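Remarks on the structure that follows.
The values are calculated or read from the model by the stated rules, or taken from the named source; none is laboratory data. Remember, it's a predicted structure, so these values are computed and weren't measured experimentally. Here the Cβ positions follow ideal geometry from the backbone for every residue, glycine too, while neighbour counts run over all protein chains shown.
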Amino acid sequence: MNRPLTQPVRPTRGALRPRALDRLTEFIHAHLDQPIRVAALAGLAAQSRCHFSRVFSRSVGVSPHRYIMQLRLERALALLREGLPASEIAQRTGFADQSHLTRWARRIYDRTPGQLVSARGSTWSTT
């Protein structure tokens, strides 16, 4: 079999294939307002929950749950900038309630959502 030297025979060991990762991120973005279980994501990747959690973390840099919560926060902060009430935003982005949203904002950004929106305007980052 002739194969260019730059094309790997298989993906990096212990990481998700790019196509599987794309499929997973599309699913997560489409369902951010709903509960997303690691078991469902593992099923999409055709892997056990435990193995999936390990390879997802290696591929993305954070656990599946943390990744989902960061995406929910990004969407929530964008909606806050538009002036929507925090209780409605929490519901639209998959948080149990407004205090759940606030706890995660403090955990990841060390600030409340309101502080993030007023202090950073239209941009923010976790670094």
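Yes/no matrix, rows are residues, columns are (1) surrounded by fewer than 17 Cβ atoms within 10 Å (Cβ to Cβ); (2) modelled with pLDDT of 90 or more:
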| residue | (1), (2) |
| --- | --- |
| ARG58 | yes, yes |
| THR93 | no, yes |
| ARG106 | yes, yes |
| GLY121 | yes, no |
| THR126 | yes, no |
Inset, instruction - Could you grab me the full set of residues in region 29-51 that are among the polar types (S, T, N, Q) and under 12 Å from ILE68 (Cβ atoms)? - result: GLN34
Inset, instruction - Within region 29-48, count every residue that is in a helix (DSSP H, G or I) and surrounded by fewer than 18 Cβ atoms within 10 Å (Cβ to Cβ). - result: 7
Inset, instruction - From (1) part of a helix (DSSP H, G or I); (2) surrounded by 13 or more Cβ atoms within 10 Å (Cβ to Cβ), pick out the condition that doesn't hold for HIS51. - result: (2)
